[in-house]
Amino acid sequence: MRSLLKKSWYIVPMVTVFLSCSNENQIGEQLKESKVKESYVQSERAGLKPIGSGVMMQAFYWDVPAGGTWWNTVKDKVQDWSDAGIDAIWLPPASKAQNGAMSMGYDPFDYFDFGKYDQMGSVETRFGSEDELKGLITEAHDAQLSVIADIVINHNSGGDSEFNPVSNQNYWTKFTPASGRFIRDYNDFHPNHNFTSDTGVFGGFPDLSHHQVRVQNELWKNPESVAKYYKNVIGFDGWRFDYVKGFEPWVVKDWKNEVGGFTVGEYWDGNAATLDWWSGQAEASAFDFACYYRMKDAFDGNNLNKLNDDMLWKRNSMRAVTFVTNHDTNEIYHGKMLAYAYILTHEGYPTIFYRDYEEWLNKERLNNLIWIHNNLAGGGTNILYTDNDEYIAKRNGHNNAGLIVYINNANHWQERWVETNWSNTRIKDYTGHSNWEPVTQGGRWVKIQVPPKSYSVWAPK
């Protein structure tokens with residue numbers, strides 16, 4: 001989440017693939033892939049694509065148009081996204097926040113007002129009304145898409161001032177939302193008589209005290225808790241937890257265990273070991289910031305050797321949600337399509353950013369990579385070659401052929417001999433960037449090529 005104290009800114013048809021020879025590591029790869037699928041396949045609502053079978057769409061960006069039109073904008077796109085291979089959409093924080101019709105939702109006030117009550121200067125949220133949100137979710141479900149809610153439970157905003165006898169001063173912790181639900185006072189925040197603080201505060205906003213039993217009950221445990229209302233009344237299927245550095249991992253674990261659904265946390269840290277620790281403690285997925293920063297080093301720094309470095313997907317691909325850009329970050333300026341070629345051919349659950357897909361990049365090229373991810377990118381990963389401007393890796397396949405991806409950050413065509421998993425097999429570049437159709441040797445070696453500042457993806461024809 002971008003700091004609320006800062007000024008807002010804008011910033012293939014299906015092909016059946018046949019193997020002409022067996023993969024020597026097939027059994028081991030099938031076991032590994034089955035564990036991946038077991039982790040990601042978490043669609044509880046009937047008729048939805050399993051989360052992780054495709055690609056997630058972040059269906060917003062910072063400062064989407066105000067005026068209550070966003071839910072309908074997204075509603076008109078979900079079927080096309082599903083047809084392209086998206087399996088879930090991640091929506092912005094949907095409930096009423098302090099800044100009312102201007103808020104992006106990260107300053108939450110009333111968790112039960114989705115554009116229904118006249119408070120904080122508006123009835124609708126920035127994105128629309130409750131009925132429009134429900135209509136979008138229904139449309140998404142009809143398109144077999146899961147809907148991920150952005151949950152902000154570290155802090156609240158918009159309360160009235162009240163005296164806190166623990167700190168002996170006044171603070172903005174008196175919350176009387178129009179919905180009449182989860183009414184809060186200083187006992188629900190830090191400091192209180194039981195707990196002075198948790199792992200962190202954000203921007204000076206009142207910091208919810210998750211160790212307080214009443215807060216746990218209101219947020220996720222009670223039959224009409226925030227979590228259960230989001231899921232059972234509004235229709236959300238999973239959770240993206242904002243700023244999880246601000247509270248302990250057990251909070252996410254308890255929430256998920258209570259209500260179910262795919263769960264991913266924003267633990268903003270470029271250290272893969274730290275991300276692995278948090279995801280293990282929370283028993284949830286984490287955004288792979290380690291991968292993000294290594295891609296920034298690789299593509300903007302013109303040193304693809306950085307892709308050899310540690311990332312969450314390399315430690316635990318079952319828990320890694322990879323991304324190139326989100327509403328807070330847009331630092332991979334050069335080679336952004338190369339970065340998408342990387343995450344959409346490698347392990348982990350990749351995310352596409354709305355503006356990249358709908359506005360900034362080539363949608364046809366992204367759809368091609370989504371198809372490649374969903375149909376060819378199975379099994380474990382072996383890095384075959386790297387240098388400053390070349391990167392080649394192999395996916396070993398699971399119920400598909402696997403692939404070889406060749407990424408080129410140089411200004412000229414490049415070629416290289418590589419060892420594949422296929423003997424005496426004709427292969428092709430499924431991106432269409434190369435028209436070569438070489439045949440692998442009996443020893444499984446073949447020469448492949450890649451255009452300048454581009455990528456190619458090879459698999460049996």
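Of note:
- Output for the stretch 329-349, where each listed residue is over 16 Å from Gly432 (Cα atoms), open to solvent by 10 Å² or more (accessible area, probe 1.4 Å) and not in a loop (DSSP other than H, G, I, E, B): Lys336
- In the stretch 230-261, of all residues being closer than 11 Å to Ile151 by Cβ and of a type in the set (Gly, Ala, Ser), the one that is surrounded by the fewest Cβ atoms within 10 Å (Cβ to Cβ) corresponds to Gly261.
- The stretch 91-113, subset small (Gly, Ala, Ser) and more than 19 Å from Phe189 (Cβ to Cβ), residue most open to solvent (accessible area, probe 1.4 Å): Ala101
- Residues of the stretch 410-420 classified as open to solvent by 10 Å² or more (accessible area, probe 1.4 Å) and either touching a Leu at 6+ places or on another chain (Cβ under 9 Å) or modelled with pLDDT under 95 (or both), total: 2
- Residue match in the stretch 371-389 (condition: assigned to a helix (DSSP H, G or I), closer than 24 Å to Lys306 by Cβ and under 19 Å from the mean Cα position of the chain (by Cα)): yes
- Selection status of Ala227, modelled with pLDDT of 95 or more, in contact with a Leu (Cβ under 7 Å, 6 or more places away or on another chain), open to solvent by less than 40 Å² (accessible area, probe 1.4 Å) and within 29 Å of Ala46 (Cβ to Cβ): yes
- Scanning the stretch 359-402 for residues that are within 20 Å of Tyr349 (Cβ to Cβ) and small (Gly, Ala, Ser) yields Ala377, Gly378, Gly379, Gly380, Ala393, Gly397, Gly402.
- Residue that is nearest to Glu130 (Cα to Cα) [pool: residues in the stretch 167-180 that are touching a helix residue (DSSP H, G or I) at 6+ places or on another chain (Cβ under 9 Å) and open to solvent by less than 60 Å² (accessible area, probe 1.4 Å)]: Phe175
- Condition met for Ser197 (open to solvent by 10 Å² or more (accessible area, probe 1.4 Å), touching an Asp or Glu at 6+ places or on another chain (Cβ under 9 Å) and either under 19 Å from Trp172 (Cα atoms) or among the polar types (S, T, N, Q) (or both)): yes
- Test result for Ile352, surrounded by fewer than 21 Cβ atoms within 10 Å (Cβ to Cβ) and farther than 18 Å from His433 by Cβ: no
- Evaluated against (1) over 29 Å from Ile137 (Cβ atoms); (2) in a loop (DSSP other than H, G, I, E, B); (3) of a type outside the set (Gly, Ala, Ser), Lys174 falls short on exactly one condition, (2).
- Taken over the stretch 355-402, the criterion of being out of contact with any Phe, Trp or Tyr (no Cβ under 7 Å at 6 or more places or on another chain), open to solvent by 40 Å² or more (accessible area, probe 1.4 Å) and within 18 Å of Gly432 (Cα to Cα) is satisfied by Leu361, Asn362, Glu364, Arg365, Asn367, Asn374.
- Of all residues in the stretch 305-316, those that are of a type in the set (S, T, N, Q) have Cβ atoms under 7 Å from Cβ atoms of residues that are assigned to a helix (DSSP H, G or I) and open to solvent by less than 20 Å² (accessible area, probe 1.4 Å), 6 or more apart or on another chain, in Asn316/Ser279.
- Residues satisfying the stated conditions in the stretch 262-288, i.e. surrounded by fewer than 22 Cβ atoms within 10 Å (Cβ to Cβ) and not in a helix (DSSP H, G or I): Glu266, Trp268, Asp269, Gly270, Asn271, Glu283
The values are calculated or read from the model by the stated rules, or taken from the named source; none is laboratory data. From a predicted model like this one, the values you see are computed outputs, not experimental measurements. Don't worry about glycine lacking a Cβ; one is built from the backbone with ideal geometry, like all the others, and counts go over all protein chains shown. Only protein heavy atoms, including side chains, enter the accessible area calculation; ligands, DNA and RNA are left aside. Shrake-Rupley method; radii C 1.70, N 1.55, O 1.52, S 1.80 Å.
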